[in-house]
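A.B. asks: Provided herewith is a single structure, encoded as structure tokens, for subsequent inquiry.
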Amino acid sequence: MTNADIELLVIALQFGDKVALGKLYQHFHVAMRKYAVLRVKDSMVADDLVQNVWAKVAKRVTRLNDVSLFKSWLYKALRWEIADWHRRSSKEVVLDHNLPEKAIELVFSEPLSPLKHLFTLPANERDVAELFYLNDLNIKEISLVAGIPLGTVKSRLHRARTLLIQRISISEYGYDE
């Protein structure tokens, strides 16, 4: 689905078209669920959080003035929902360096080879790289979702790429470049 298609669906949704909501849900649901599972480490909780976000989207989409920002608005809402859940459950937001393999297996059924290294990155770099590589957000969208400047997104993404190259070359080829 192109950005133009997404924008048209958002406009239709703003005018009350529930079919548009269903199409947007189908397009974004899987990626949002993966994003949530990696942060809460529980697929059922992740499903609930994603559903809560979609319920809020349906109610609040008319407040979105710039439909081109829908994707970043959606992920920012999901981040807030996850943070609220962590506060309510008296847990810290999951930004540790060691995500359990079980959480990764819940999200990805295919062999992880190079992808597994993404989850070993420091929290800030991992968050930006995950939004970029796994959720297909661009640098501007990541900046809006994470609430950080564009330059910070670029530098974290650069550090993440550098670390990924090092880790992949060490584990796959047995040497450090």
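The values are calculated or read from the model by the stated rules, or taken from the named source; none is laboratory data. Values in this document were obtained by computation on a predicted structure and should not be read as measured data. In this analysis, Cβ positions are derived from the backbone assuming ideal geometry, glycine residues included, and neighbour counts consider all displayed protein chains.
A.B. asks: What's the number of the condition V19 fails, among (1) surrounded by 17 or more Cβ atoms within 10 Å (Cβ to Cβ); (2) more than 20 Å from the chain's Cα centre (by Cα)?
C.D. replies: Only one criterion in (1) surrounded by 17 or more Cβ atoms within 10 Å (Cβ to Cβ); (2) more than 20 Å from the chain's Cα centre (by Cα) is unmet by V19, namely (1).
A.B. asks: Checking the condition farther than 25 Å from N124 by Cα and modelled with pLDDT of 90 or more, which residue from W54, W85, W80 passes?
C.D. replies: Details: W85 fails: farther than 25 Å from N124 by Cα; W80 fails: farther than 25 Å from N124 by Cα.
Going through W54, W85, W80 in turn, just one is farther than 25 Å from N124 by Cα and modelled with pLDDT of 90 or more: W54.
A.B. asks: Considering only segment 12-90, give the helices (runs of 4 or more DSSP H) lying wholly within it that have at least 2 residues that are hydroxyl-bearing (S, T, Y). Lay out the reasoning, then the answer.
C.D. replies: Numbers: elements: 18-40, 43-60, 70-88.
In segment 12-90, the matching helices (runs of 4 or more DSSP H) lie at 18-40, 70-88.
A.B. asks: Any idea which residue in segment 54-89 is farthest from I11 (Cα to Cα), counting only those that are free of Cβ contacts under 8 Å to residues at least 24 places away in the same chain and of a type in the set (D, E)?
C.D. replies: Among those residues, the one meeting the criterion is D84.
A.B. asks: Please go through segment 26-41 and give me each residue that is free of Cβ contacts under 8 Å to residues at least 40 places away in the same chain and either among the aliphatic types (A, V, I, L, M) or more than 18 Å from L137 (Cβ to Cβ) (or both), ordered by number.
C.D. replies: Selection gives Q26, V30.
A.B. asks: Moving to a separate point now. Does D127 meet the test of being surrounded by 17 or more Cβ atoms within 10 Å (Cβ to Cβ), assigned to a helix (DSSP H, G or I) and either at positive phi or at pLDDT 85 or above (or both)? Give the derivation first.
C.D. replies: Working: surrounded by 17 or more Cβ atoms within 10 Å (Cβ to Cβ): yes; assigned to a helix (DSSP H, G or I): yes; either at positive phi or at pLDDT 85 or above (or both): yes.
Spelling it out, D127 is indeed surrounded by 17 or more Cβ atoms within 10 Å (Cβ to Cβ), assigned to a helix (DSSP H, G or I) and either at positive phi or at pLDDT 85 or above (or both).
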